[in-house]
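Visitor: Have a look at this one before I ask anything.
Since every read-out is calculated from the coordinates, none of them should be taken as a lab result. Everything numeric here is computed off the predicted structure, so don't read it as measured data. Neighbour counts run over all protein chains shown; Cβ positions are idealised from the backbone, glycine included.
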Amino acid sequence: MLPQEIRENIQRLIEAAERPREQVINVFYILQKHYGYFSDEAVREAAALLKMTPLEVEEMATFYDFLYREPVGKFVIQVCDGVVCWMFHENSIFDYLCQKLQVCAGQTTADGLFTVLPTACIGFCDRAPAMLINGVFYGPLTPAKVDEIIAQLRSEHCDLVICK
Amino acid sequence: MPQLIIDRREIEVPAGTKVIEAAARLGIIIPRFCYHPALGSVGACRVCAVKFLEGPVKGVEMSCMTAAQDGMVVSTTHPEAMEFRRYVIEWLMLHHPHDCPVCDEGGHCLLQDETVSGGHGLRRYLGLKRTYRDQYLGAFVQHEMNRCIHCWRCRRFYQDFAGYRDYGVMQIGNRTYFGRFADGPLESPFAGNLIDLCPTGVLTDKPARFKGRRWDLERAPSLCLHCSLGCNITGSARYREMIRVEGRLNEAVNGYFICDRGRFGFAYANHPERARTPRLDGQEVTWEEACRTAAHRLTRISREYGPGAIAVWGSTRSSLATLGVLQRLCREQGWLGPQFFNSPSRERKVKAAISRLDAGVAVSLADLEKADFLLVAGADPVNEAPMLALGLRQAWRRGATVVVLDPRPVHLPLEFEHLPVPPGGIDLCLDLLVRAAVSHSATEGLLPEAAAAFFNNLSCEYPGDQPLQDRLVSLGMKLKESKNPVIVCGLDIVRESTVVLAADHSRLLRAAKDRAGLFYLLPGPNAFGAGLLSLAGEPSSPSYADMLAAAEQGRIKALVMMETDPFRTFAGQPQFLAALDRLEFLLVLDYLPTPLTDRVQFFLPTTTVFEEEPSGWVNQEGRCQQAAPIYVGGRPISQEGAGSHPPRVFLAGIPGGEPQPGGQTLAALGVALKGTGAPLYLEELDTWLAELNPVFAPLLESKVTHPGVRLLPEARGDYAFSHPNKATLRDVPDDHLELLLVDWTFGTEELSGYAPPTQEVEQPPRLTMQSRDALRLGLGPGDRVSLALGGESITLDLEIVENMASGMMVLPRHRQLAGQKFPEGPILVPLQNIHKV
Ligand code: SF4
Ligand code: SF4
Ligand code: FES
C-alpha cells in the first residue's frame, strides 16, 4: 500500500503539470524510492495515478537503465558499457568487479549489498573506464581502485541513495 | 509530380510517395518487414535497402524512408544493396528458432520469403539464442515471441492505428519484447488484425492453429456478414470446413482490416447441428420430392383459401438473389409478403434511411475517414459495426472532431465528445447543433428556399438543460468551421424521426457548405437490399406480428420462412408457438440450426455465403458486392469421421452436401408451381430487379466487380425536406426507466452466436444504468438485480456507469437471454419492477 502522504505528493506533482505525462519519470522515481525498486505494485500505482495502462508504464519503465523492475542491492553499480570505456578496460575492469563480488552482470551479491549492471554511456569518456554507484561517479578505474571503493562501501555503509 | 527511374523503368508518382511504393506501382516488390501501406514507414527493419545511383540521394538507403524525387535513379538489384539486405536477413535470423515445420505461419510467411529471396541459406552464428516467455493473449491470438524480428508492425497497429493500450513493446535492445503487461486476453476487438500484419509466426490465428498450410486451403474472396458494413474478407476452407478468415483490401470499404467478430464468427457454417437434408414430415426426402410436395401443398392452400392465406417471411441475412426471387414469387403467386424485417419500426427506419440516400450524400467508410467533423447520432460503433470505430479513429487522427449523441455508455478508441442524451433528445441536439453551424448562411440568405424553410422550423432550445444547450451551440460553432462534415446515424435505438432528421440535416449542411455526408448503420448485412425491395413493394407487407396474429385467427394457413429465426423476435410469447401449430403448412429454409429447424415438419437446407455459388450483398451505403464461393459445401470431414477417418463407403455425392443456395431452391419451387411457363428466375433476376426498382439498374450495366457497384440514385437538387413537428423532448415519466435493448460486439449478433470462438469471448449479459438512477433505486456496484418485464423476470449483474443518459437502462439482446420476450417499441419499466436480489 502506498502511504497517503506519498500519494498526495505525487498527485500534486501531476496536477501542477500541463500534461500528466510530463511527470512520468519523476513519479516513477518517487515510487521506486518508496518500494526500493520499481515493483509490479509500483507499476500499477503509477498507471492509476498517471491515467496510463500498466502496459504503457512498463513500456517506459523497461526502457531506462535507472529504473529497476527487479529488486536491487543497497548499492547499484552501473558500469559504463560505452565504446570508449571498453577501449580502456585493460584486463577488463568489468570482469574484475564481477569476479570480486562473485556475481554476473545483472545479479546482486548474496549479502544484498551490491548489484552490478551495465549501462549506456554515462558521459565520462575522458575518465574511462568509469562507473556510477548509486549515481555517484567513479573513474578512471583500476583493479586497485575497485578494491578500495568496495572495501570502503562495505565498511562505512555510507548512504549514497540517489536514484532509488 | 516527381519522376524517377527504378530498375531502368521510368515512373511518375504523387509527391510524398516513398520509393518502396513507387516501385510497387511498377510491380517491383522491394523486400519489407516494417513498412505497411496502412501503417506507413518507420525504418525499423532495414531490409528495404536499395541503391540510389543518381539524384539528390546517393548510396544504399532505405526505400521506405526515402520520398521519391525528381531525377532519382534507383537500382533494387545493385550488388551493394543485395549484399546489405543479405546481412540484414542474417542478423534478423540470428535468434530465430528455425521452427518453421511447427509454425502456423509457414507457407505464407514473409520472413521465409525474404530469407530465401535475400539469399541467406547458411547459419554462421553458433552462439546461444535469446529466448522469451510467451504470453496467453486470449482466445484469438497465439503468441510465440521467439520468432519476432522486431518490425513494430503489431504495436503500431494496436496502439497508433487502432487506439487500444494493453499491447505494446517493452524492454530494449536484444531483449525487446512485444506483448502485454501480464498474460490476459487482448482488449481490442481488432486484435485479430495482428495475425494478418505480423510478418512472422509470432502472432497467429489461434482457432485455426495446426489446421492446414496455405497451399492446403481452398481460398476465395468473400464478404463479412456480421454487420451491415460489408467488410471484405478472404475465407479459407479445408476438408469441407471453414477454418479461417482474413481481412481483404477494399480501399472504399474496410481498407486492410476487419474486426474480430468478422474474423472469428464464421464457424456457424460448420455447426454440427446444421440440418443438411430436405426433410418432410420427419423423413429425409430428395429435392425433387421436396419441391413437388411443397408446390402441391401451397397450390392446394392457395386454391382452397386464396393466395392471401400464404405468408412469406424473409430476413436481412439472405443474398440478393434469395431476396429477389422470394419477392418475385410472392408477386406472381399473390402471397402475402415477403416481410424482411422483424419489426415494423425497423422496416420503416430502413426505408426512411435508404430512400434518403443518394450518390451526392452517401459516403463510404473510406470517405468518412477523410471527414473533418463527425456527428454520430444514436450509434455505438464498437458494438454495432466495429470497423466504423476504426474509421472514426482515422478521421480523428487526421484532426476531425467527433461528437456522439447517444444515451449508451459509448466507448471509442479516440477522444470524442459524448453527449449522453435520451433517444428522444437526439433530434433536439441535432437541431441545435446544426442550427448553430448554419445560422450565418441562413441570415445571409444563402440557403435555397427549401433548406431555409427547414432551417426556420428547427428547435432552438433544449428544455431544462442550459449547460447542454450551450455545449451544443459551441460544438455547432466548430461544425461551422468544418469543410467536410459527415452525419453518422444508427438505426437501432433511435426514434424514426431521427433517421429522417439525419438526412435532412446532412442536406442542410450541404446547402450551406457544398459538402456533407451521410452514413447510416443498418440492421443486417443485406438490409439495404431488402429495403430496396420493400420500397418497391408498396403498400408494404404486413408485419411479422400481424401475420402471426392472422395465423392464430386462422386467416393465414401457410407460412414460408426463408432464412429467418422468429424465435429471436417472438420467443417467450406463448401465442407464437400456438399460432405456428395452427398452420396447415410451415416451410422453413435456413443455413443456421435455429430453434425452428428441429421443430418443423418441412425443412429445406440452404447454403451459407461460403458455399457453392457466388452471392450478392448490399452494404449500408448501397454498395453491392459479390462473395465468391470458397468450397463446395458438405459436412466437415472432422464431423463425418468423428475425429477419425471418415466412413469408408462409396457415395455419389458429398456427404451433407444437399444444401442449395436459397435463390436456387426458390426458383425450383417457382418452376414446380408454374410448370413450363415459369420464368428464368435467377438468370433474369437483374432485369426483373431493375424493372421493380430502377436503383438496381447498375447491376445490368456492369458486373459486380471490386470494389462493388453503388445502388444509389443520382443526387438531385430537389430534396424534399421533411416537416416534422418541432422536435420535442419526450421524457420518461419519473417513476419509470426506459429499457434500451442494444447490440454488443460479441453475444448479440445472430451468425457469430453460433460460432464457438466468438461464444468463448462473449461476456454474460448485464444491466447498465446511470449512477443517479442506481442511487434512486438504492442499488450499488456489484449488486445483482431482478428485472420484471411483462410477468416474467430476469436476474442479472448490475453495472453502474457515469457516462450514460439517466432515466435509462441498457440491456444487450444477448444470446443467453433468448427466450425472454421484450415488448415492441420504447420499453418503460416501472421502478418497482427493479429489485436487488
Ligand atoms: S510480433 Fe510480429 S509484428 Fe510484432 S514486432 Fe515481432 S515480428 Fe513484428
Ligand atoms: S465491421 Fe461488420 S462487416 Fe466489418 S468485419 Fe466487423 S462485423 Fe464484419
Ligand atoms: S521496410 Fe524499410 S526499414 Fe523496414
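Visitor: Please list 3J(HN,Hα) in residue order for the range B:712-717, calculated via the Karplus relation 6.51 cos²θ - 1.76 cosθ + 1.60 where θ = phi - 60°; whole Hz, with x for glycine and proline.
Guide: Each residue's phi maps through the Karplus curve to give 9, x, 4, 5, 10, x Hz.
Visitor: Show that you can apply the helix-only estimate: for the protein assembly as shown, add -39,500 (n - 2.57) for every DSSP H stretch of four or more residues, divide by all residues, and state [θ] at 222 nm to the nearest 500.
Guide: -9000 deg cm²/dmol, from helical runs alone.
Visitor: Which one of B:VAL102, B:ILE11, B:SER63 is farthest out on the positive end of the charge dipole of the range B:1-130, using unit charges on Cβ (Lys, Arg +1; Asp, Glu -1) and the Cα centre as origin?
Guide: Result: B:VAL102.
Visitor: Another question, if that's okay. What is the Cα coordinate range of chain A on the first, second and third principal axes, sorted by size from largest, in whole angstrom?
Guide: Taking the Cα atoms of chain A, the three principal extents are 50, 31, 23 Å.
Visitor: Provide Rg and Dmax in Å for the range B:396-468, with only Cα atoms included in the calculation.
Guide: 14.6, 40
Visitor: Given a Förster radius of 30 Å and the C-beta distance between A:ALA48 and B:GLU799 as r, what FRET efficiency does 1/(1 + (r/R0)^6) yield to the nearest 0.05?
Guide: 0.90
Visitor: Further question on the same structure: Using 5 Å bins from zero, what percent of all Cα-Cα pairs in the range A:28-73 falls into each bin?
Guide: The distribution over the range A:28-73 is 5, 26, 37, 24, 6, 1, 0, given as percents.
Visitor: Next question, about the same structure. Return B:GLU738, B:GLU701, B:GLU289 ranked ascending by Cβ neighbour count within 10 Å, so the fewest neighbours appear first.
Guide: B:GLU701, B:GLU289, B:GLU738
Visitor: State to the nearest 20 debye the size of the charge dipole of chain B about its Cα centre, where the only charges are +1 on K and R beta carbons and -1 on D and E beta carbons.
Guide: Using Cβ point charges on Lys, Arg, Asp and Glu, chain B gives about 1580 debye.
Visitor: Using only atoms on other chains, find how many Cβ atoms lie within 10 Å of each Cβ of peptide B:165-172 and report the average.
Guide: For peptide B:165-172, the averaged partner shielding equals 5.
Visitor: What is the antiparallel percent of DSSP beta bridges lying wholly in chain A, to the nearest 5?
Guide: The answer is about 55 percent antiparallel.
Visitor: Tally the DSSP beta bridges in the protein assembly as shown and give the antiparallel ones as a percent, rounded to 5.
Guide: 55 percent
Visitor: Sticking with this structure for a sec: Apply the Debye scattering formula to the range B:632-723, with a single equal point scatterer on each alpha-carbon and no solvent, then give log10 I(q)/I(0) at q = 0.12, 0.22 Å⁻¹.
Guide: -0.71, -1.10
Visitor: Using the per-residue mean of other Cβ atoms lying within 10 Å as a proxy for protection, in what order, highest first, do the peptides B:397-410, B:372-385 fall?
Guide: The packing order, highest mean first, is B:372-385, B:397-410.
Visitor: Further question on the same structure: Please name whichever of A:VAL76, A:PHE63, A:GLY123 sits farthest to the positive end of the charge dipole of the range A:9-130, dipole taken about the Cα centre and charges placed at Cβ: Lys and Arg +1, Asp and Glu -1.
Guide: Checked the options; the winner is A:VAL76.
Visitor: On to the next question. Kindly put B:TRP313, A:TRP86, B:TRP744, B:TRP215 in sequence by how many other C-beta atoms sit within 10 Å of each C-beta, fewest to most.
Guide: The fewest-first ordering by Cβ neighbours comes to B:TRP215, A:TRP86, B:TRP744, B:TRP313.
Visitor: For chain B, what is the convex hull volume of its Cα atoms per residue in Å³?
Guide: 193 Å³
Visitor: Output wanted: per-residue J couplings in Hz (rounded whole) for the range B:122-135, from phi through Karplus 6.51 cos²θ - 1.76 cosθ + 1.60, θ = phi - 60°, x for Gly and Pro.
Guide: Once rounded to whole Hz, the list reads 10, 8, 9, 6, 10, x, 6, 8, 6, 10, 10, 8, 7, 10.
Visitor: For the range A:4-61, list log₁₀ I(q)/I(0) at each q in 0.29 Å⁻¹, using the Debye formula over Cα point scatterers of equal strength and ignoring solvent, two decimals each.
Guide: -1.35
Visitor: Mind checking the mean number of beta-carbon atoms from other chains within 10 Å of the Cβ atoms in B:178-185?
Guide: The mean count of partner-chain Cβ atoms within 10 Å per residue comes to 3.
Visitor: For chain B, build the charge dipole from Cβ charges (+1 Lys, Arg; -1 Asp, Glu) around the Cα centre, then report which of B:PRO523, B:SER806, B:THR748 sits farthest towards its positive end.
Guide: Sorting the options by dipole projection puts first B:THR748.
Visitor: Could you list A:GLU41, B:GLU749 so that the one with the fewest beta carbons within 10 Å of its beta carbon is first and the one with the most is last?
Guide: A:GLU41, B:GLU749
Visitor: Sticking with this structure for a sec: Based on the alpha-carbon gyration tensor of the range B:3-93, what equivalent-ellipsoid semi-axes (square roots of 5 times the eigenvalues) come out, in whole Å, largest first?
Guide: 20, 15, 10
Visitor: Just for the Cα atoms in the range B:348-521, what are the lengths along the principal axes, largest first, rounded to whole Å?
Guide: So the extents along the principal axes, rounded to whole Å, are 40, 39, 35.
Visitor: Return the average number of partner chain Cβ atoms within 10 angstrom of each residue Cβ along peptide A:54-67.
Guide: 4
Visitor: Let me ask another. Which angle between 0 and 90 degrees, to the nearest 10, do you get for helix A:143-156 versus the longest principal axis of chain A when only C-alpha atoms count?
Guide: Compared with the principal axis, the helix lies near 50 degrees.
Visitor: Given the range B:693-833, report the % of alpha carbon pairs whose separation exceeds 19 Å.
Guide: Summing the P(r) tail past 19 Å for the range B:693-833 gives 65 percent.
Visitor: Once phi is turned into θ = phi - 60°, what whole-Hz ³J(HN,Hα) does the Karplus curve with 6.51, -1.76 and 1.60 give for every residue of the range B:34-47, x standing for Gly and Pro?
Guide: Per-residue couplings from phi come out as 7, 6, 8, x, 7, 9, x, 9, 9, x, 8, 9, 6, 8 Hz.
Visitor: Among bridges DSSP assigns within chain B, what percent are antiparallel (round to 5)?
Guide: Of all bridge pairs located within chain B, approximately 55 percent are antiparallel.
Visitor: Go through B:639-651, A:123-135 and give me the packing order, highest mean Cβ count within 10 Å leading.
Guide: Top of the packing list down: A:123-135, B:639-651.
Visitor: Just to be sure I understand: if I project the alpha-carbon convex hull of the protein assembly as shown onto a plane and average over all orientations, what area do I get in nm²?
Guide: 49.4 nm²
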